[in-house]
1. Any residue at all in segment 164-181 that is touching a strand residue (DSSP E or B) at 6+ places or on another chain (Cβ under 8 Å) and farther than 22 Å from Ser373 by Cβ?
2. Asn276 passes all but one of (1) surrounded by fewer than 17 Cβ atoms within 10 Å (Cβ to Cβ); (2) among the polar types (S, T, N, Q); (3) touching a residue at least 40 places away in the same chain (Cβ under 8 Å); (4) part of a strand (DSSP E or B); which number fails?
3. Would a scan of segment 148-157 turn up a residue that is open to solvent by less than 50 Å² (accessible area, probe 1.4 Å), closer than 19 Å to Phe3 by Cα and in a helix (DSSP H, G or I)?
4. Counting just the residues of segment 293-306 that are farther than 19 Å from Leu355 by Cα and of a type outside the set (Ser, Thr, Tyr), which one comes out modelled with the highest pLDDT?
5. Please specify each residue of segment 279-295 satisfying the condition of being within 26 Å of Asp209 (Cα to Cα) and either assigned to a strand (DSSP E or B) or open to solvent by less than 10 Å² (accessible area, probe 1.4 Å) (or both).
6. Could we say that Cys93 is under 20 Å from Asn28 (Cα atoms), in contact with an Asp or Glu (Cβ under 9 Å, 6 or more places away or on another chain) and open to solvent by less than 30 Å² (accessible area, probe 1.4 Å) here?
7. Kindly provide the set of residues from segment 172-189 that are open to solvent by 40 Å² or more (accessible area, probe 1.4 Å) and of a type outside the set (Ser, Thr, Tyr), ordered by number.
8. Being over 23 Å from Leu47 (Cβ atoms) and surrounded by fewer than 21 Cβ atoms within 10 Å (Cβ to Cβ) is true for just one of Leu77, Leu67. Which residue is that?
Amino acid sequence: MHFSIPSTQEFVSDGSGSSYTGFNIHINGSFHCCLRYKQLHSLHEQLKRSLPSIALPSFPPKKLLSLTPNQIEQRRLSLERYIQLVGQDPVLCRSELLRAFLLNAQQESSFTECSEVTLDVYLMNGYRISANVYTTECTSKVLEKACALIDLAKDRACYFALYLMCKEPNGELTIVKRLMDFEAPYISAKRWDECKLVLRTGYWDPCYDVELMRDRIALNLLYIQALSDVERGWIVTSRDLSEQLTNMQARGSKSEYLEVVRKLPLYGCLQFPRANVDFPEPNTVATIVLGNKELNLLTYVGKEMQETKFKVTRIRCWRVTPIHINEEQSSTVNGRLQQSSQPSPSQSSTISLELSFEYLMAKNQLKWITIYSEQSMLMSVCLQSIVDELLNQKNGSDPAHLQNPQHVDYTPLSYIRRDGSNHCITDSCSTDTLCNLVNNDSSSNNGTSNHATQQQHSTNNGSSFIRRKLKEFNTTVRFKNGKDSVQNEAFEWIGDDDL
């Protein structure tokens, strides 16, 4: 998980006029939730009790007096560093406690009440699956329901994933993000209202196709995805091969069709829009493709495509860094954008992203390569997913091991809401427990006095103010730093003979 806390907000908590600071937490490049210090501190204490064998990073200390603006900024930086270290720990980031906490935090921050709705999930050919889901259900639960509606066996669902995809004005299909189990698809889809939820394979190694092709429904899903990728040019074919594939499609030879396209270089990969890269020379324009244990750069010289392959196992580390671009001050020097660190208020400023990775070019020769793309964060998430799959295969596990959280015995999570009320959570995939976040408030109000009712009215006024403030947020990534690199655990230090 890529965590950042780029900013804070001051909220009025109730009619008494007291206020508190909310920390805006972004995960994998988009806004996820707004939390108070005490909520994160509660998570830290419960992780410490439930996972005593894990060395947690130190949590920023409490302060007795009200914080000054400078102290709030220091707290933001300290909390950001803390949550980033938690997200980098392979055990902590897959713990059920953290997932349940983040799922409930998203629900609270989006002011989503638990209710049953119809959510549309699409296949790559546009076929719509209308699933009855709860607004607060996590991704794996929604995926399971969507797969059940097309009669896909439950033990096959773990091979697939949900993505948010949108169609660009030029007709090209763009993947915006891959949904994770710490978020509710209904809530995430609402934030990206121009996108559709799409079902695609969630793995990178085509070897898993062999198992899925034994299942009729899974075979159909692979076939539909392959047809779509060929049609969109994500899988490159020659004219002769294209005619062969068209004939196979006309005959309905799905298995034969898949056997052919599975041997093509870009099969099963995700393709990203063209971007500037600094390899092999500055200002090179390339299409970025991720999959098959590789990061590929596709460039065109005339009508001829040239492919540059970077093996994931030779990437030592990578990082995503924001670039603040000012229209009047920006300039390009040696292929890299240069800008002043303090733009004036009168100048328009936008934020772009770059993905840099350190690659083993030859024995003892490492080189940094940079991609300048708005989708750098998604590329980073995909790289981490490929690394996780490689390590998973090395351990002899199937994809289900990556999809399922670490189930260990622990005391149920007590989620503290911003108003200080507690809520007991036993499972991040449980609809009932999430609904209780709303129902507990209703039941507690039934036995309140008139005084408590007045307090509730004041709280609702404060809640409305918070709701208005949170709606001002864009879902795109916002960082203040990004220099820390993600270390590749699948990196192989090899010699010239292996290159």
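1. No, there is no match, as no residue in segment 164-181 is touching a strand residue (DSSP E or B) at 6+ places or on another chain (Cβ under 8 Å) and farther than 22 Å from Ser373 by Cβ.
2. The failed condition is (1).
3. To start, the set of residues in segment 148-157 that are open to solvent by less than 50 Å² (accessible area, probe 1.4 Å) comprises 150, 152-153, 156-157.
Now restrict to residues that are closer than 19 Å to Phe3 by Cα: none.
So far as segment 148-157 goes, no, none of its residues is open to solvent by less than 50 Å² (accessible area, probe 1.4 Å), closer than 19 Å to Phe3 by Cα and in a helix (DSSP H, G or I).
4. Going through segment 293-306, the residues farther than 19 Å from Leu355 by Cα turn out to be 300-306.
If we keep only those that are of a type outside the set (Ser, Thr, Tyr) too, we end up with 301-306.
Values: Val301: 77, Gly302: 74, Lys303: 74, Glu304: 80, Met305: 81, Gln306: 88.
My answer is Gln306.
5. Within segment 279-295, the subset within 26 Å of Asp209 (Cα to Cα) is 287-295.
Thr287, Ile288, Val289, Leu290, Gly291, Glu294, Leu295, listed by residue number.
6. Working: under 20 Å from Asn28 (Cα atoms): yes; in contact with an Asp or Glu (Cβ under 9 Å, 6 or more places away or on another chain): no; open to solvent by less than 30 Å² (accessible area, probe 1.4 Å): yes.
No.
7. So the first thing to find is which residues in segment 172-189 are open to solvent by 40 Å² or more (accessible area, probe 1.4 Å), and the list is 172, 180, 186.
Result: Glu172, Met180.
8. Numbers: Leu77 fails: over 23 Å from Leu47 (Cβ atoms).
Among Leu77, Leu67, only Leu67 is over 23 Å from Leu47 (Cβ atoms) and surrounded by fewer than 21 Cβ atoms within 10 Å (Cβ to Cβ).
The values are calculated or read from the model by the stated rules, or taken from the named source; none is laboratory data. It should be emphasised that the depicted structure is a prediction, and the values quoted were computed from it without experimental measurement. All Cβ positions, glycine included, derive from the backbone under ideal geometry; neighbour counts span all protein chains shown. SASA here: full protein model, heavy atoms, side chains in, ligands and nucleic acids out. Shrake-Rupley method; radii C 1.70, N 1.55, O 1.52, S 1.80 Å.
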